[in-house]
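Worksheet: one structure, shown below.
The values are calculated or read from the model by the stated rules, or taken from the named source; none is laboratory data. The shown structure was predicted, so the numbers you read here are calculated from the model rather than taken from an experiment. Cβ placement follows ideal geometry from the backbone for every residue including glycine, while neighbour counts extend to all protein chains displayed. These accessible areas exclude ligands, DNA and RNA; they are computed on the full protein's heavy atoms, side chains included. Shrake-Rupley method; radii C 1.70, N 1.55, O 1.52, S 1.80 Å.
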Amino acid sequence: MSQHLSDRIQSLPTSATLAMAAKARELKQQGKDIIGLSLGEPDFNTPEFIKDAAIQAVQDNYNSYSPVDGYGELKDAICLKFKRDNNLEYTPSQIVVSTGAKQSIANIAQVLLNPGDEVLLPAPYWVSYSAITILCEATYVEIPSSIDTDFKITPEQLEAAITPKTKMIFFNSPNNPSGTIYTEKEYRALAAVLEKHPNIYILSDEIYEHISYGEETFSFAAIPNMYDRTITVNGVAKAFAMTGWRIGYIGAPEWIAKACTKMQGQITSGANCIAQRATITALEAPVSSINYMVKEFHSRRDLILKLLGEIEGFKLNVPKGAFYVFPDISSFFGKTIKGTKIDNASEFALFILEHANVATVTGEAFGASDCIRISYAASEENIRTAISRIKEALR
Ligand code: GLU
């Protein structure tokens, strides 16, 4: 009967990150000793002070619908956060709280894209950008990069990719999957190109902003000429280990915020009320309250780079943020290992899953077919065991 499903769903790819996580979970349930390095989610617990705020919200009877765009107190806290961390001036009417940054991104795409519009995706890019674009019947245009340039695109590449149909660019720094962080100077050079094309909107996904290892992060909307056409996306999942709480938000020109609220009002209504109350507490806390997690991710990054560096055939760069490494493994293509021929990154990831019991994600899902994504949001012990198993499997 699946042929009766809509063309829309039939043309939609399954989320590769979630599919791999589901597969790892299923294999674990079957008794296999799988180490999951596929999902980008902190392995820490949500900090106690945030959990306490949620418990308090339950006691205080926060159980009714919230305003569609979020509680006023939360929107105030988000405005203060934008000012404090990003030097961005937003008023509450420019803020929309959603059920995760993913919903924020889907809202923006739904309200800005028409069928046939083009969206620029600097590759590698997070898997759902392309899928969300497809859902809007728009087309995505990849702007390729490689490990040799730290997965950064140039202003010349950006200029060359723009056509009269270009409506939006999805920009993500620190980047998932590469961990790349663009410098302020690099932002400004890209903005100089976009300035010449006033009809292009910028979706700036800053969900990993606090997971940075010494590199300054920057915001597209902080460039004066970009402010009026940038939608800044953020959320609490990555910074505060709150992935399952599902709270994301945007700061945007008011007319875009209003449209997102209208869209959300027909699809999900306001986000979970308890999680919203807890988010107020998370955002009001000093950024230093999460330093212990960032410090830990930093040392795990160094560890995983050292261990992967000992495996012949892995080409690595040094990711500056997020919690992923994105090695180029194309040197294995065409080789037969343990009777299995590996011709692409998907086959490589599958080989690792079957022969090392380690779940990773193929780079193909991120628009980078020479790479795989390995998340190091995992314990040091699991990282050590996983990489030594991969080494052994490839021997
Ligand atoms: N954003 C995370 C990842 O890339 C969570 C899974 C997802 O939503 O894609 O692994």
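Of all the listed residues (ALA106, ALA101), the sole one being closer than 30 Å to CYS371 by Cα, within 16 Å of the ligand (Cβ to nearest atom) and out of contact with any Gly (no Cβ under 6 Å at 6 or more places or on another chain) is ALA106.
Restricting GLN59, GLN3, GLN29 to residues that are more than 16 Å from the ligand (Cβ to nearest atom), open to solvent by 90 Å² or more (accessible area, probe 1.4 Å) and under 19 Å from ALA278 (Cβ atoms) narrows the list to GLN59.
Among the criteria (1) open to solvent by less than 30 Å² (accessible area, probe 1.4 Å); (2) out of contact with any helix residue (DSSP H, G or I) (no Cβ under 6 Å at 6 or more places or on another chain); (3) farther than 30 Å from ASN199 by Cα, the one ILE256 does not fulfil is (3). For SER11, the conditions (1) open to solvent by less than 50 Å² (accessible area, probe 1.4 Å); (2) within 25 Å of the chain's Cα centre (by Cα); (3) small (Gly, Ala, Ser) are fulfilled apart from (1). Given the criteria under 24 Å from GLY235 (Cβ atoms), crowded, with 17+ Cβ neighbours inside 10 Å and either away from the ligand (no atom under 16 Å from the Cβ) or among the small types (Gly, Ala, Ser) (or both), does VAL119 qualify? Judged against the criteria, VAL119 is a match. Cβ-Cβ distances below 6 Å connect the following pairs, each with a first residue in the range 166-178 that is more than 16 Å from TYR213 (Cβ to Cβ) and among the polar types (S, T, N, Q), a second residue that is away from the ligand (no atom under 11 Å from the Cβ) and open to solvent by less than 10 Å² (accessible area, probe 1.4 Å), and a separation of six or more residues or different chains: THR166/ILE200. Cβ-Cβ contacts under 9 Å between residues 6 or more apart (or on different chains), taken from a first residue in the range 228-241 that is under 9 Å from ALA252 (Cα atoms) and open to solvent by 10 Å² or more (accessible area, probe 1.4 Å) to a second residue that is in a strand (DSSP E or B) and modelled with pLDDT of 95 or more, are listed as ARG229/TYR201; ARG229/ILE202. Taking (1) more than 16 Å from the ligand (Cβ to nearest atom); (2) outside any helix (DSSP H, G or I); (3) surrounded by 23 or more Cβ atoms within 10 Å (Cβ to Cβ) in turn, ASN317 satisfies each apart from (3). The residue that is nearest to the ligand (Cβ to nearest atom), counting only those in the range 33-56 that are under 20 Å from ILE280 (Cβ atoms) and open to solvent by 70 Å² or more (accessible area, probe 1.4 Å), is ASN45.
For ALA22, the conditions (1) within 16 Å of the ligand (Cβ to nearest atom); (2) touching a residue at least 12 places away in the same chain (Cβ under 8 Å) are fulfilled apart from (2). Residues that are within 13 Å of the chain's Cα centre (by Cα) and among the polar types (S, T, N, Q) were ranked within the range 96-122; the one that is nearest to THR230 (Cα to Cα) is SER104.
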